[in-house]
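Since the structure comes first, as structure tokens, the remarks are kept for the end.
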Amino acid sequence: MPAHPNKILVIRNDKLGDFMLAWPVFSLLKQQYPDCKLTALVPEYTAPMAEQCEWIDEILIDDKKSSFIKDIVSLSSNIKKHRFDASISLFSETRTSAALWLAGVKTRVGPATKVAQIFLNNALKQRRSRSSKPEYEYNLDLARHYIELNGGDASIQPSPPYLHFDEEQIQKLKSDFYRLNGVAENEKMVIIHPGTGGSAINLSLEQYATLAKDIAARSKVYFVITAGPGELDKAESLSELLENVNHTVYQSTTSIVDFCHFINTCDLFISGSTGPLHIAGALNVNTAAFYPARKSATSLRWETLNEADKRISFSPEMYTGENDMQQINIDQAADAITNKFFL
């Protein structure tokens with residue numbers, strides 16, 4: 001194993017939120033091996049975010065094929081062209097692990113789970129199903145495992161912000177938004193993102209409406225209800241419930257990067273455990289997040305990347321099924337959010 005690898009492939013080819021929680025790995029590896037070329041294997045829809053990551057040198061698109069065998073052969077051929085010294089699979093998947101083996105990648109690190117581990121030669125037992133630590137820590141454990149196998153000191157601790165933009169550009173964007181929407185300068189801007197991206201269990205629109213009204217009664221704030229692709233109906237339905245609360249609806253109609261710029265302007269981002277929440281975390285924006293009690297989806301497992309004093313989370317006391325979010329006391333949540341961020 002080369003002490004100073006030339007090329008490392010890092011695989012996190014699932015959802016946007018999952019990919020954002022891989023950014024500490026890229027930071028760690030680049031600090032450990034500054035001259036190494038880091039490549040990220042990602043699906044096409046997260047590639048624009050990968051382009052914003054300062055530690056990623058190259059992006060490899062995971063273009064899945066309909067046939068399982070054809071898919072593995074195609075991916076293997078694509079990987080082989082790059083002659084990677086090592087691969088770190090942050091997401092355990094048989095197709096990618098088999099493709100790495102076929103491509104002849106000499107050092108193949110990944111979680112020791114499922115069938116995929118038989119194609120890895122440096123698997124690490126993690127037992128992620130226990131959800132005993134944040135997802136980004138599980139990811140970092142794999143990177144540190146590789147560094148230690150390489151004879152290196154894996155004590156570097158990455159820190160936020162992981163994503164950042166030009167401060168003057170963000171301030172101008174915020175000033176323009178305030179001017180166009182008649183927002184007073186002393187009002188705090190709070191984003192509520194009620195969409196889920198089709199995965200996260202979330203608060204109901206009625207709960208979000210109650211939360212916004214409770215916060216508005218306690219603080220001088222201006223709400224922005226954001227909507228990604230296919231989420232406008234939900235945002236507008238929430239807007240109708242906030243008739244007497246100062247707010248507007250913002251639909252992301254251009255690029256995910258433009259949406260990141262907008263998220264960066266807010267004083268607080270509120271949502272369930274979605275991709276945009278984890279973008280806010282990577283930006284080190286204040287976050288208030290709502291998680292279910294289900295073990296695989298807890299606030300610990302899907303903790304955001306921002307500093308500890310910039311985040312607060314709420315969950316039901318126990319898992320009772322798909323409707324367990326109704327257990328969350330919204331008035332208490334509004335009090336906690338106000339006390340933490342607006343007093």
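The values are calculated or read from the model by the stated rules, or taken from the named source; none is laboratory data. Everything numeric in this text was worked out from a predicted model, so none of it was measured. Heads up, the Cβs are rebuilt from the backbone with ideal geometry, glycines too, and the neighbour counts pull from every protein chain shown. SASA here: full protein model, heavy atoms, side chains in, ligands and nucleic acids out. Shrake-Rupley method; radii C 1.70, N 1.55, O 1.52, S 1.80 Å.
Being open to solvent by less than 10 Å² (accessible area, probe 1.4 Å), among the polar types (S, T, N, Q) and either without any contact (Cβ under 8 Å) to a residue 40 or more places away in the chain or over 22 Å from H278 (Cα atoms) (or both) holds for only one residue in S89, S77, S97, and it is S97.
Within the span defined as region 165-177, one or more residues are closer than 30 Å to F26 by Cβ, in contact with a helix residue (DSSP H, G or I) (Cβ under 8 Å, 6 or more places away or on another chain) and part of a loop (DSSP other than H, G, I, E, B). Reported count of residues in region 1-29, each being surrounded by fewer than 21 Cβ atoms within 10 Å (Cβ to Cβ) and of a type in the set (K, R), is 2. On the basis of being open to solvent by less than 70 Å² (accessible area, probe 1.4 Å) and modelled with pLDDT under 95, does G197 make the cut? Considered against the rule, which asks whether it is open to solvent by less than 70 Å² (accessible area, probe 1.4 Å) and modelled with pLDDT under 95, G197 comes out as yes. Residues in region 158-167 that are open to solvent by 80 Å² or more (accessible area, probe 1.4 Å) and in contact (Cβ under 8 Å) with a residue 60 or more places away in the chain: H164 alone.
When the test is whether a residue is under 28 Å from N339 (Cβ atoms), touching a strand residue (DSSP E or B) at 6+ places or on another chain (Cβ under 7 Å) and either open to solvent by less than 50 Å² (accessible area, probe 1.4 Å) or not β-branched (V, I, T) (or both), I170 does not pass it. Within region 139-152, the only residue that satisfies the criterion of being free of Cβ contacts under 8 Å to residues at least 24 places away in the same chain and under 16 Å from L21 (Cβ atoms) is D141.
Of all residues in region 224-251, those that are modelled with pLDDT under 95 and either polar (S, T, N, Q) or surrounded by fewer than 17 Cβ atoms within 10 Å (Cβ to Cβ) (or both) total 4. The set of residues in region 108-127 being open to solvent by 10 Å² or more (accessible area, probe 1.4 Å) and under 20 Å from E58 (Cα atoms) consists of R108 alone. The set of residues in region 202-223 that are surrounded by fewer than 19 Cβ atoms within 10 Å (Cβ to Cβ), touching a strand residue (DSSP E or B) at 6+ places or on another chain (Cβ under 9 Å) and either on the phi > 0 side of the Ramachandran plot or not polar (S, T, N, Q) (or both) contains only K220. Does region 47-60 contain at least one residue that is farther than 18 Å from F91 by Cα, at pLDDT 95 or above, under 19 Å from the mean Cα position of the chain (by Cα) and surrounded by 21 or more Cβ atoms within 10 Å (Cβ to Cβ)? Yes. Reported count of residues in region 115-154, each being under 15 Å from S27 (Cβ atoms), outside any loop (DSSP other than H, G, I, E, B) and hydrophobic (A, V, I, L, M, F, W, C), is 4. For the condition part of a helix (DSSP H, G or I) and open to solvent by 10 Å² or more (accessible area, probe 1.4 Å), L102 qualifies.
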